[in-house]
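Colleague: Pasting a structure below so you can have a look.
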Amino acid sequence: MDDDHALATLSALAHPTRLAAFRTLVRAEPEGLSTGQLVAASGLSQSTFSSHLAVLSGAGLVTSKKHGRQIIQRADIARLRGLMLFLARDCCNGSAELCEPLLADLACC
């Protein structure tokens, strides 16, 4: 991931509704959720929520797939991984052992 992609990804997540929706989708992996389920969880109208979903999709954080009559939304875990690696790559000036507590925290949850 380069700086531009990281900034686009972080920008998309820099809104409470979008961050909550993305976290909901991460928890729902690998099945994902229908758009209707996401709208219901958000408490917003379909039209308002769709603009947030478009931002997440545009940043590559969410993918959509038609399943019967529903559209299933899924978090792009590879994109999340790329962002996390981008942010932590230079952790502690390349001293990987100093980042071990961070990795341990991720492993426990």
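Colleague: Can you work out which of the residues in segment 1-20 that are assigned to a helix (DSSP H, G or I) and touching a helix residue (DSSP H, G or I) at 6+ places or on another chain (Cβ under 6 Å) is farthest from ASP90 (Cα to Cα)?
Modeller: Only one residue tops the list, namely THR17.
Colleague: From the list LEU25, LEU85, LEU61, which one is closer than 25 Å to LEU106 by Cβ, touching a residue at least 12 places away in the same chain (Cβ under 8 Å) and exposed (fewer than 13 other Cβ atoms within 10 Å of the Cβ)?
Modeller: LEU85
Colleague: Please determine whether any residue of segment 32-49 is surrounded by 18 or more Cβ atoms within 10 Å (Cβ to Cβ), outside any helix (DSSP H, G or I) and of a type outside the set (Lys, Arg).
Modeller: yes
Colleague: Which of the residues belonging to segment 56-91 are acidic (Asp, Glu), within 12 Å of THR9 (Cα to Cα) and at pLDDT below 95?
Modeller: none
Colleague: Quick one: is ARG79 in a helix (DSSP H, G or I), buried (at least 16 other Cβ atoms within 10 Å of the Cβ), in contact with a Gly (Cβ under 9 Å, 6 or more places away or on another chain) and in contact (Cβ under 8 Å) with a residue 12 or more places away in the chain?
Modeller: yes
Colleague: Ok, one more. Given the conditions (1) within 22 Å of MET1 (Cβ to Cβ); (2) of a type outside the set (Ser, Thr, Tyr); (3) without any contact (Cβ under 8 Å) to a residue 40 or more places away in the chain, and given that ILE71 satisfies all but one, which numbered condition is not satisfied?
Modeller: (1)
The values are calculated or read from the model by the stated rules, or taken from the named source; none is laboratory data. The structure presented is a predicted model; accordingly, all values stated were derived computationally and were not measured. So basically every Cβ, Gly included, is an ideal-geometry build from the backbone, and we count neighbours across all protein chains shown.
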